[in-house]
1. Enter the angle in degrees (range 0 to 90, nearest 10) between the Cα long axis of helix 74-85 and the first principal axis of the Cα atoms of the chain, meaning the one along which they spread out most.
2. By its C-alpha gyration tensor, with a ≥ b ≥ c as the square roots of the eigenvalues, how is segment 35-82 shaped: rounded for a/c under 1.5, else prolate for a/b larger than b/c, else oblate?
3. Rounding to the nearest 20 debye, state how big the charge dipole of the chain is about its Cα centre with +1 on each Lys and Arg Cβ and -1 on each Asp and Glu Cβ.
4. Which value, in nm² and rounded to one decimal, describes the direction-averaged projected area of the C-alpha convex hull of segment 133-177?
5. Taking segment 393-439, which trypsin sites (Lys or Arg not before Pro) meet the DSSP loop condition and have no more than 16 other C-beta atoms within 10 Å?
6. Which of S99, S351, S81 ends up with the largest GNM mean-square fluctuation for the chain, with Cα atoms connected below 10 Å?
7. Rounded, prolate or oblate for segment 206-310? Axes are the square roots of the Cα gyration tensor eigenvalues, ordered a ≥ b ≥ c, and the cut-off for rounded is a/c under 1.5.
8. Short version: ³J(HN,Hα) in whole Hz for each residue of segment 13-29, in order, from phi by Karplus 6.51 cos²θ - 1.76 cosθ + 1.60 (θ = phi - 60°), x for Gly and Pro, what are they?
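The values are calculated or read from the model by the stated rules, or taken from the named source; none is laboratory data. Everything numeric here is computed off the predicted structure, so don't read it as measured data. Cβ atoms come from the backbone with ideal geometry, glycine included; neighbour counts cover every protein chain shown. Quick note on the areas: whole protein, heavy atoms, side chains included, nothing else; ligands and nucleic acids left out. Shrake-Rupley method; radii C 1.70, N 1.55, O 1.52, S 1.80 Å.
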Amino acid sequence: MNESKAKPKKPRGVARLIDGKCIACGARCQSSCPVNCIEMTDSGEPIIETAKCIGCLKCVKICPATALEMYFTPGEQKILSELANISSIATEDEPDEESRQLQQMLARYRGVWVVVEQHEGVTAKVSWELLGTGADLARTLGVQISAVIIGHSVGHLCTEAFEHGADKALLLDAPVYLHYRTQPYSEAICHLIGKHRPEVILMGATAQGRDLAGAVATVVKTGLTADCTGLGIDDKRNLMQTRPAFGGNIMATIMCDKYRPQMATVRPHVMPMPDVKHGSKGEIIRETFAPQEDDVLVKVLEVINDRDGKDQIDVAAAEIIVSGGRGLMNKENFTLLQELADELGGVVGASRSAVDAGWIAHSRQVGQTGKTVRPKIYIACGISGAIQHMVGMQDSDTIIAINRDPEAPIFQVATYGVVGDLFQVVPALISRVRELKSQNSGYEPARAAA
Ligand SMILES: Cc1cc2nc3c(=O)[nH]c(=O)nc-3n(C[C@H](O)[C@H](O)[C@H](O)COP(=O)(O)OP(=O)(O)OC[C@H]3O[C@@H](n4cnc5c(N)ncnc54)[C@H](O)[C@@H]3O)c2cc1C
Ligand code: SF4
Ligand code: SF4
């Protein structure tokens, strides 16, 4: 009779903090814990409730300072060394069948795509910004960057895509794609994914991009990270998708390591516009897939420009923005900022506090729940610099902050900081600009984008 001794169960241990190593990164360990057994101290260090810890290793893996380790009791350590002596354990680190299949699946997906958004043959600029970013990702991955162009009579956009960095253009040109509708556009992209298997798909975080990306990700059963502010590639070819989380208090890097394609949306003006290389050529792949019009449930009867009669200023496209916050005190004081903006040829923006107070329209709000802007000059008047505001303007070329509190966080991102009362500083700026303009009749203010 064969006697077989049951193999002892591998202990999982519990996580513990290594003294002095935590850098208080913003509670990444806490947010990774699936059983909520990590509390944070006031100084931002974790306290781990070991009785609840299931030893999943998530906090250990995510900690950027390797400040967490697994702890095993002496009894558990003994079992571990016994297991190490069992020959089968020696092969434990070799990939099992499941991970082999996963690696095979991941290897079948190659290439970076940018879905180009267009309205009546005119592209949304964010698509070109994403081609620049996508080209960097493609270079890191050693693959090609493709523009996916869907519409009717939109063949000319392939040339524009090549000039903005695309190696290839996947073109779907048919009457059914004349106006954006979720059903035919998402069916088209799902078809292309099934046929070409890209590993990364980027779309603008516009009304259309948000709608389309969500529909496609749901059908192809993959992950989607919305409103990314940073994209990169890790050493396993995974897309690192960074975006504000927990109300903007921390920046989270999100990975989709078990599904493909990896999908992300990025808001306009978050990524820089790539240089246009006139005359660049690429490969056009003409696809014929087109749903039958009768099968499309939604019909577009008329397109009405929703900006008619509304605030026509596009803060996101302005080159000079003079923004006001709670420090403005009331609605009437915004005329002071308008005066400065007019002198500079810019537009007026605002923090959410000013918008919430009803001093200015929401369309002017800059920040996480407003517009992301990247102007040449951003003048922040009476704005403290909350993280939710700064994620929307910190990539401006030059930031000028006017605040009477020298400790205001806005000064951390400011190119020039003026500690003072805005009601003195702004009028002084206006009269100085007027003075300079009268001295130099050739002065040309920047154009506000309407
Ligand atoms: C989920 C979420 C999303 C958010 N999204 C956004 C967003 O998109 N955009 C956004 O802006 N905020 C957003 N917020 C709000 C954000 O957290 C801040 O509350 C807001 O940005 C603060 O606005 P503020 O700087 O105008 O006001 P405050 O923080 O009150 O700052 C006013 C500043 O004015 C200065 N000041 C006062 N009087 C004067 C004076 N006479 N001269 C000079 N300086 C003066 C003060 O020193 C102070 O620094 C969001 C918050 C959450 C939770
Ligand atoms: S090992 Fe897992 S369960 Fe334990 S504290 Fe870390 S994340 Fe939580
Ligand atoms: S993840 Fe690491 S560095 Fe960040 S708070 Fe936790 S222990 Fe500290």
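1. 70
2. Details: a/c = 2.43, a/b = 1.85, b/c = 1.31.
Judged from the Cα gyration tensor, segment 35-82 comes out prolate (a/c at least 1.5, a/b above b/c).
3. Numbers: 47 positive and 54 negative charges, 151 e Å.
In debye, rounded to 20, the chain gives about 720.
4. Projected area, direction-averaged: 3.0 nm².
5. Working: sites: R404, R432, R434, K437; in loops: R404.
Those that pass, being in a loop and sparsely packed, are R404.
6. Checking each option, the largest mean-square fluctuation is seen for S81.
7. Numbers: a/c = 1.42, a/b = 1.34, b/c = 1.06.
In terms of gyration-tensor shape, rounded.
8. For segment 13-29, the Karplus curve yields x, 10, 6, 8, 8, 8, 3, x, 9, 5, 9, 6, 6, x, 6, 4, 4 Hz.
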